[in-house]
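**Student:** Here it is: the structure, laid out below.
The values are calculated or read from the model by the stated rules, or taken from the named source; none is laboratory data. Nothing here was measured: the structure is a model prediction, and the numbers come from that model. Don't worry about glycine lacking a Cβ; one is built from the backbone with ideal geometry, like all the others, and counts go over all protein chains shown. The protein model used for the area step is the full one, side chains on, heavy atoms only, and it has no ligands, DNA or RNA in it. Shrake-Rupley method; radii C 1.70, N 1.55, O 1.52, S 1.80 Å.
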Amino acid sequence: MNPLDWVVLLGTMLGIAAYGTWRTRHTDHLDTYLKGDSATKWGTIGLSVMATQASTITYLSLPGQAYENGIAFIQNYFGLPLALIIVCAVFLPIYRKLGVYTAYEYLGKRFDSKTRLLGACLFLLQRGVQSGVTIYAPAIILSSVLGWQLDLTIIFTGVVVIVYTVTGGSAAVSLTQKWQMAVIFGGMVTAFVILLTKLPPGATEMAGAMGKLQAVDFSIDPDKRYTFWSGLFGGLFLSLSYFGTDQSQVQRYIGGGGLREGRLGLMFNAMLKIPMQFFIVMLGALLFVFFQFQPETPVFFNRAEWQRHLEGADGAKFSELDKKHAELHRAKREKIEAWMLARASGDSRAKSAAREEMVTAQAAVDAVRGEAKNALLQANPRAKVKDSDYVFITFILSQLPHGVIGLLLAVMFASALSSKAGELNALGTTSTIDLWRSLRPLAAHDEARNVRAAKWFTAFWGLFAMGFALSASFAENLIEALNIIASIFYGVMLGIFLVAFFFKRVGGSAVFFAAIAAQALVIAMYFSLNIGYLWYNLIGCGACVAFSLALQAVLGSRDQPVERNS
Amino acid sequence: GPVFGVLAFTRFS
């Protein structure tokens, strides 16, 4: 980091936040504060939906995941376009027609207040914790690599996002997300182009030969984490639940210039999300090729952690692992060069034999990386051994020119701020509309008081997320654990909404107790089965719908719906 | 109330 990088980083990060704060400083209407400017067009809505979904994890960890395991992760997004079509056709018209502020307000109109409260509390619990991770995840990586203080990094990003989100509400969130996405696109394309200029000819073919380009796997093995089927069906239910029932997304498209703008914003995402994710995972697969030709490729990408152990009591063991890795890496590079020669000669038999040797050499390097991680765990059982999160940032800091380094760090912070702002905005809205108003029904008509309450709740959740990030000692795989928790809760939440939309004879008590029973079933299955976590979305949803219908048959006329869909 | 690419590219392996 040199002064130019700091100017670019702080200029973009604080400039966009200040612009959003200044432009929306007079937001005093509840509708504008909670739903955004009523003239918002589909392009802004589409970018806002995209910015809320993609946090720093998307841009920092996904390339690392592709480096390590290939691009199969992209299959997780296969259900997304289909889910967005269903949200456009079914969910959005009903939300718009009823003029609700939150998805859970609809549950209150359709069922009863206890079902509304159940939906709102499930959202607040899950998203409140998740918002802590949204600022913790980039802070831990960037502070480790750049030597910044972790606490200060968390507090700085937390305060910046609280200032503009509390000031302008949804209007400020949409406005800043548009510019943050411009920074993100600009930075990622710049990094990709620079990477392409540093690659040898045949890089894509080499990534494929090393098994990194398995984009689609039609296997029906349920134990496999990423397959076409788990992505299509599990991903469909996860995306339906996320876009249709999670207030942090519902709030992005529920306002704006009308139903048409919301629908086109969602269709914009349906068309661009998979190509965008493909671009990010391809960046990771090509980073893998790039690092094959770097003599200094580390055995463990979190260099700060590795250095601590090199200088520790077991330093000799770690130094030995460094040497062993360097030798194997050099041997692998020779095999790669032999494969490139065979490829250039056009001799397919020689090329096939060279490929086998190259893959064997890669397996040897992978084995020594495994040894290194085991050594770290032996030295410190709480050591964080997942170093794939550090692959892309290592490339950024070692290969990009000054100024561009600042731009890429701005990408990481912009993505953290944009997804965090969407979450805070939704948490504040749900707390105000679904909780506070229930306790103070007479205050519902006092607009100024409602806006004040929404601002206080938004600030509270911002401080809660900061406190959570500062105090929680995050486990190594907590981020993935939170994705699993989301899958455990999302399915049941979606089930409640599907019953609301499509089973008009089911009443509030039936769906309320069915949801609790379905949730208990999913949690029990999670602890007793070993299946890909995306499937829990489908199981939870199916169980909730089936139990609701069965309970309604038992309860009969004692449990009538408050209102009907038709 | 005015769209899915499925990569099977894989067949690089």
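**Student:** Packing-wise, with mean Cβ within 10 Å as the measure, how do A:284-291, A:486-493, A:399-406 rank, highest first?
**Tutor:** Taking the mean over residues of other Cβ atoms within 10 Å, the ranking is A:486-493, A:284-291, A:399-406.
**Student:** Then there is this: As a test of the definition: with a 1.4 Å probe, what buried accessible area, both sides summed, do you compute for A against B, in Å² to the nearest 100? Numbers along the way, then the final one.
**Tutor:** Details: alone 22740 and 2020 Å², together 23290 Å².
Accessible area lost upon association: around 1500 Å².
**Student:** Taking a quarter of the surface of the convex hull around the Cα atoms of region A:125-281, what do you get in nm²? It would help to have the intermediate numbers written out before the result.
**Tutor:** Working: hull surface 52.3 nm².
Orientation-averaged projected area of the Cα hull: 13.1 nm².
**Student:** Starting from the alpha-carbon convex hull of region A:1-134, give the projected area averaged over all orientations, in nm².
**Tutor:** Over every viewing direction, the Cα hull of region A:1-134 projects on average to 12.1 nm².
**Student:** Working with all protein chains in place, sort A:F278, A:F460 by solvent-accessible area computed with a 1.4 Å probe, largest first. Write down the numbers at each step before the final one.
**Tutor:** On the way: A:F278 55, A:F460 110 Å².
Greatest to least solvent exposure: A:F460, A:F278.
**Student:** Any chance you could run the full-extension gain for A:A331 through A:A379? It's 0.36 nm times the residue separation minus the Cα-Cα distance, nm to one decimal.
**Tutor:** Details: separation 48, 0.36 × 48 = 17.28 nm, distance 2.84 nm.
Extending this stretch completely gives an extra 14.4 nm.
**Student:** How do A:S239, A:S509, A:S345 rank by accessible surface area computed with a 1.4 Å probe, from largest to smallest? Before the final figure, lay out each step's value.
**Tutor:** Working: A:S239 15, A:S509 35, A:S345 80 Å².
So the residues, ranked largest to smallest area, are A:S345, A:S509, A:S239.
**Student:** D for chain A, whole µm²/s, Stokes-Einstein with Kirkwood Rh over alpha-carbon pairs at 4 °C and 1.567 mPa s: what number?
**Tutor:** Working: Rh = 25.0 Å.
For the chosen part, D equals 52 µm²/s.
**Student:** How high is the FRET efficiency from A:L98 to A:I484, r the C-beta distance, R0 22 Å, rounded to 0.05? Could the numbers behind the result be given before it?
**Tutor:** On the way: r = 33 Å, r/R0 = 1.49.
Once rounded, the FRET efficiency stands at 0.10.
**Student:** Something else now. Report the FRET efficiency, 1/(1 + (r/R0)^6), for A:A367 and A:M271, where r is their Cβ-Cβ distance and R0 is 30 Å, rounded to 0.05. Present the calculation step by step, with values, prior to reporting the outcome.
**Tutor:** Values: r = 42 Å, r/R0 = 1.40.
The pair A:A367/A:M271 has a calculated efficiency of 0.10.
**Student:** Want the number for A:A89 to A:L463: 0.36 nm per residue separation, take away the alpha-carbon distance, what's left? Provide the component values of the computation, followed by the final result.
**Tutor:** Working: separation 374, 0.36 × 374 = 134.64 nm, distance 3.69 nm.
Full extension of this stretch gives 130.9 nm more.
**Student:** If I compute solvent accessible area with a 1.4 Å probe over the protein chains, what percent of it on chain A is carbon and sulfur? If you can, show how the numbers build up before the last one.
**Tutor:** Working: 13880 of 22100 Å².
Ligands and nucleic acids excluded, carbon and sulfur reach 63 percent.
**Student:** Bin by bin, in steps of 10 Å, what percent of the Cα pairs in region A:59-130 do you find, going until the bin that has the longest distance?
**Tutor:** In whole percents, the pair-distance histogram is 16, 27, 32, 18, 7.
**Student:** How many angstrom lie between the C-alpha centres of region A:113-188 and region A:1-54?
**Tutor:** 12 Å
**Student:** With charges only on Cβ, +1 for K and R and -1 for D and E, what is the dipole size of the protein assembly as shown about its Cα centre, in debye, rounded to 20? Write down the numbers at each step before the final one.
**Tutor:** Values: 49 positive and 38 negative charges, 272 e Å.
In debye, rounded to 20, the protein assembly as shown gives about 1300.
**Student:** Now a separate question. Rounded, prolate or oblate for region A:92-143? Axes are the square roots of the Cα gyration tensor eigenvalues, ordered a ≥ b ≥ c, and the cut-off for rounded is a/c under 1.5. Intermediate values should be presented prior to the final figure.
**Tutor:** Values: a/c = 6.30, a/b = 2.34, b/c = 2.69.
It is oblate, given that a/c is not under 1.5 and a/b is not larger than b/c.
**Student:** Given 37 °C and 0.692 mPa s, compute D for region A:154-204 with the Stokes-Einstein relation, Rh being the Kirkwood radius over Cα pairs; round to the nearest whole µm²/s.
**Tutor:** Numbers: Rh = 13.5 Å.
Translational D for this selection: 243 µm²/s.
**Student:** Go from 0 up to the bin containing the longest alpha carbon distance in region A:253-395, width 5 Å each, and give me the % of pairs per bin.
**Tutor:** All Cα pairs, binned at 5 Å, distribute as 2, 9, 13, 15, 14, 11, 9, 7, 6, 5, 5, 3, 1, 0 percent.
**Student:** Give the longest segment of chain A that steers clear of GluC sites (Glu not before Pro) in DSSP loops with at most 15 neighbouring Cβ atoms within 10 Å, not counting the sites themselves.
**Tutor:** Between exposed loop sites, the widest span is A:1-295.
**Student:** Could you work out the relative contact order of chain A? I mean the mean sequence separation of Cα pairs under 8 Å and 6+ apart, divided by the number of residues, in percent. Numbers along the way, then the final one.
**Tutor:** On the way: 897 pairs, mean separation 171.7, N = 566.
So the answer I get is 30 percent.
**Student:** Turning to a different aspect of this structure: Among all stretches of chain A without exposed trypsin sites (Lys or Arg not before Pro) (DSSP loop, at most 10 other Cβ atoms within 10 Å), which one is longest?
**Tutor:** Details: sites that count: A:R382, A:R564.
My reading of the result: A:1-381 is the longest stretch.
**Student:** Just list whichever of A:K178/A:K273; A:K178/A:K455; A:K198/A:K323; A:K224/A:K373; A:K273/A:K455; A:K178/A:K198 have alpha carbons separated by over 20 Å in the model shown. List each step's numbers first, then the result.
**Tutor:** Details: A:K178/A:K273 16 Å; A:K178/A:K455 22 Å; A:K198/A:K323 26 Å; A:K224/A:K373 23 Å; A:K273/A:K455 32 Å; A:K178/A:K198 31 Å.
Beyond 20 Å between Cα atoms: A:K178/A:K455; A:K198/A:K323; A:K224/A:K373; A:K273/A:K455; A:K178/A:K198.
**Student:** I would also like to ask the following. Given a 1.4 Å probe and heavy atoms of the protein chains only, how would you sort A:Y526, A:Y33, largest accessible area at the top?
**Tutor:** Numbers: A:Y526 85, A:Y33 0 Å².
The ordering from most to least exposed comes out as A:Y526, A:Y33.
**Student:** Hey, another quick one. Can you give me the accessible area per residue for the protein assembly as shown, using a 1.4 Å probe, in Å²?
**Tutor:** Values: 23290 Å² over 579 residues.
Ligands and nucleic acids excluded, the figure is 40 Å² per residue.
**Student:** With r defined as the distance between the Cβ atoms of A:A444 and A:A553 and R0 fixed at 60 Å, what FRET efficiency is calculated, to the nearest 0.05?
**Tutor:** Details: r = 36 Å, r/R0 = 0.60.
Using R0 = 60 Å, I get an efficiency of 0.95.
**Student:** Here is a further query. Considering every residue in A:83-93, what mean count of other chain Cβ atoms within 10 Å of its Cβ is obtained?
**Tutor:** On the way: counts 0, 2, 2, 0, 0, 3, 1, 0, 0, 1, 1.
Mean partner shielding for this stretch: 1.
**Student:** Please compute the Kirkwood hydrodynamic radius over region A:347-391, one decimal place, Å, based on all pairs of different Cα atoms.
**Tutor:** Numbers: mean 1/r = 0.0795 Å⁻¹.
Here the Kirkwood hydrodynamic radius works out to 12.6 Å.
**Student:** For A:K35, give me every one of the aspartates and glutamates with a C-alpha distance below 16 angstrom, ignoring sequence neighbours fewer than eight places off in its own chain.
**Tutor:** In chain and number order, the partners are A:E105, A:D246, A:E261, A:E423, A:D434, A:E447.
**Student:** Moving on to the next point. Would you mind giving the average projected area, over all directions, of the Cα convex hull of region A:92-182 in nm² with one decimal?
**Tutor:** Numbers: hull surface 31.7 nm².
Convex hull of Cα atoms, orientation-averaged projection: 7.9 nm².
**Student:** Starting from 0.36 nm per residue, how many nanometres of slack lie between A:L4 and A:F503 once their C-alpha separation is accounted for?
**Tutor:** On the way: separation 499, 0.36 × 499 = 179.64 nm, distance 5.95 nm.
Length gained, A:L4 through A:F503: 173.7 nm.
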